[in-house]
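Here is the structure we will look at.
The values are calculated or read from the model by the stated rules, or taken from the named source; none is laboratory data. Bear in mind that the values here come from a model prediction, so they are computed numbers and not experimental data. Using ideal geometry, Cβ is built from the backbone for each residue, glycine included, and neighbour counts are taken over all protein chains shown.
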Amino acid sequence: MRTGLLPRWLMVVAPAVGVTLLSLVILGFGPWGSTANGTAEGVLSGTPPPGTAAATGRPIASPSVSPDDGTRTFYLAPDGDDSADGSREHPWSTAIRASGELRPGDTLLARGGRYLGQGGYGWVASGTPEAPITFAAAPGETAVFDGDGLEQWLIFSDVHDLVIEDLEITNYRPVQNGVLLIIGSTSDVVLDGLVMEGNASGGDPSSALEHLIYPGAGPVTNLTIRNCVLDASGLGGAVIHVFHDPGPVHLVIEGNAIRNGWWGVIIASDADGVTIRRNRFSGNRQNVEIADAARNVVVEP
């Protein structure tokens, strides 16, 4: 453990499970890493786009519409144009442009290729429990969001009912923060099949304050992180870092490859209802740490 970051701690080492040694640490944390408003350190306040095409003078969005259920599908492409209509033939180029157009039940598909220098803004669209919004790679294609040195990819704040899947996120440089931020009253979000690797600290890696996925103060409710490849090489902090109070309620972390962080998963808040199961840990100095304020935490092989 690093000294100076965690004022009081008691280590309990669990038995080895398969090839994984889960290290569960009961912590009493001070104010390390917090800010005046209780959000993640250095959160960028992205400016959301106008919500309607009429407000911008842009073409009316023209999605593909399913004849079965009326759901709409929009498209992004690396060579797209945000002044286009978002159709397969005329895709947009940025996620933030699309976010202002999406409504419950919509799907946003990113065509294959490299999306350079996108990020640092807040996602604004929300679905419903019956009709979540999906943002995914187009089937059979590899969509890579290359931050080109930006601090954050996306910030999910006060949004709900989203599925983000099968995208690759690389080359972001957070400073006392995370590559992907999930904060405020955000709820019912699923991160599925993401590949997050090749990111690095934009600050001092020895500070352990740069992370991959950062669920911050909220409380964030019903967050699932599953089937992802999450590699924190070069960041210095955690793969999944849950720090601020009030912590998440109902957090599931399952089926992921979690590797090369100072921590694999750290629950350093009053999170309630955390399940960590069937993950593959490797290369972390500490696989799992749990604060004494956290409640109803289950760690399974």
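Of all the listed residues (Ile258, Ile267), the sole one being closer than 20 Å to Asn222 by Cβ and surrounded by 22 or more Cβ atoms within 10 Å (Cβ to Cβ) is Ile267. Summed over the stretch 254-301, the residues that are of a type in the set (A, V, I, L, M, F, W, C), within 19 Å of Leu191 (Cα to Cα) and free of Cβ contacts under 8 Å to residues at least 60 places away in the same chain give a count of 8.
Is it the case that some residue within the stretch 196-204 is of a type outside the set (Asp, Glu), surrounded by fewer than 24 Cβ atoms within 10 Å (Cβ to Cβ) and closer than 24 Å to Ala291 by Cα? No, that holds for no residue. Does Tyr115 count as hydroxyl-bearing (Ser, Thr, Tyr) and touching a residue at least 40 places away in the same chain (Cβ under 8 Å)? Judged against the criteria, Tyr115 is not a match.
Of all residues in the stretch 224-243, those being surrounded by fewer than 24 Cβ atoms within 10 Å (Cβ to Cβ) and not β-branched (Val, Ile, Thr) number 6. The residue of the stretch 104-117 that is nearest to Asn171 (Cα to Cα), among those that are surrounded by fewer than 19 Cβ atoms within 10 Å (Cβ to Cβ) and in contact with a Leu (Cβ under 9 Å, 6 or more places away or on another chain), is Gly117.
Matching residues to (1) in contact (Cβ under 8 Å) with a residue 12 or more places away in the chain; (2) in contact with a helix residue (DSSP H, G or I) (Cβ under 8 Å, 6 or more places away or on another chain); (3) surrounded by 20 or more Cβ atoms within 10 Å (Cβ to Cβ):
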{"site": "Thr142", "(1), (2), (3)": "yes, no, no"}
{"site": "Glu151", "(1), (2), (3)": "yes, no, yes"}
{"site": "Leu154", "(1), (2), (3)": "yes, yes, yes"}
{"site": "Asp158", "(1), (2), (3)": "yes, no, no"}
{"site": "Gln176", "(1), (2), (3)": "yes, yes, yes"}
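Among the residues of the stretch 55-94, those that are of a type outside the set (Gly, Ala, Ser), modelled with pLDDT under 85 and loosely packed, with under 14 Cβ neighbours inside 10 Å comprise Ile60, Val65, Pro67, Asp68, Asp69. In the set (1) closer than 28 Å to Ala137 by Cα; (2) in contact with a Ser or Thr (Cβ under 9 Å, 6 or more places away or on another chain); (3) not in a loop (DSSP other than H, G, I, E, B), the condition left unmet by Asn287 is number (1). With respect to the stated conditions, Gly216 is touching a Leu at 6+ places or on another chain (Cβ under 7 Å), closer than 25 Å to Ala95 by Cβ and not basic (Lys, Arg). Beta carbons closer than 7 Å, at least 6 apart along the sequence or on distinct chains, pair a first residue in the stretch 64-86 that is over 19 Å from Gln118 (Cβ atoms) and in a loop (DSSP other than H, G, I, E, B) with a second that is modelled with pLDDT under 95 and of a type outside the set (Phe, Trp, Tyr) for Asp85/Pro59; Asp85/Ile60; Asp85/Ala61; Asp85/Ser62.
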